[in-house]
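Report on the following structure.
Just so it is clear, none of the values below were taken in a lab; they were calculated from the coordinates. Predicted model, so just to flag it, every value in this text is computed and none were measured. Note that we place each Cβ from the backbone using ideal geometry, even for glycine, and neighbour counts take in every protein chain shown.
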């Protein structure tokens, strides 16, 4: 099961509290997953969803608010090889539901979001939850942080965008094909919105993934740093050995000052030793002193190469 399906299943189990919030959630759900048709003077309203939990939630909302049962059907989408659940509200109640949820106005179809319709913070949260259940999705946070709401109408998308911003979450909107997408890309914003909507278990999963990502990134940085340091140490050791061997072959190590000769012989005898290990082998006072002598040996080798052409 996808992360989106899990989150929607959890949100569908949140308690239905208060008629105003129920209507707000149903309104957003109908705006994102609903459709209307008028044939032969008969007005019909239908909600389509791929998620069985969302279908049950819509059924309960309509029953709680209007005391009517929706006709539910399931059919298979041959292209996506998944099930589509369709809830049809009978003609006797469909117009009332469409008017109450602001899907239509007294003068005709109205796809905008009337801010006065959402009387309080709880209603705005319920509206965001309904929009997510009807047309939302969340990318698996192990891949990236992305939450979006697909809206069929630009006016509704603008209304939803403003509502999410009023809830304190920085959302943006872009057109996509024939739809408009309201989205959030910040992990903190997604967690904040899901918290308000009631997806607490999903939030824990996100936080666990964020912690694992942080630990993984920290380990990777440490490994990369250590690998880089090891590479530098190996390259430096190879260069030092080449310089020492060049001096030995073209000048003789006995021509070096006693301190330099001691360091050169220690490096040749211990090609894989780190600077710290060389210091310990030599019983030297400091790393800087040994490192200075190794740089001096490299310099002498370069001078010899220049002199010999």
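What to note about this one:
- Residues residue 16 and residue 68, FRET efficiency given R0 of 25 Å [Cβ-Cβ distance, rounded to 0.05]: 0.95
- Rounded Å value of the spacing that divides the Cα centres of region 153-220 and region 266-289: 55 Å
- Between 0 and 90 degrees, the angle of helix 187-197 with respect to the longest Cα principal axis of the chain falls at about 30 degrees.
- Cα-based helix-to-principal-axis angle, 19-33 vs the chain, degrees rounded to 10: 70 degrees
- Nearest 10 degrees, 0 to 90: helix 287-307 Cα axis against the chain principal axis: 70 degrees
- Between residue 50 and residue 270, full extension at 0.36 nm per residue minus the direct alpha carbon distance yields a gain of 72.4 nm.
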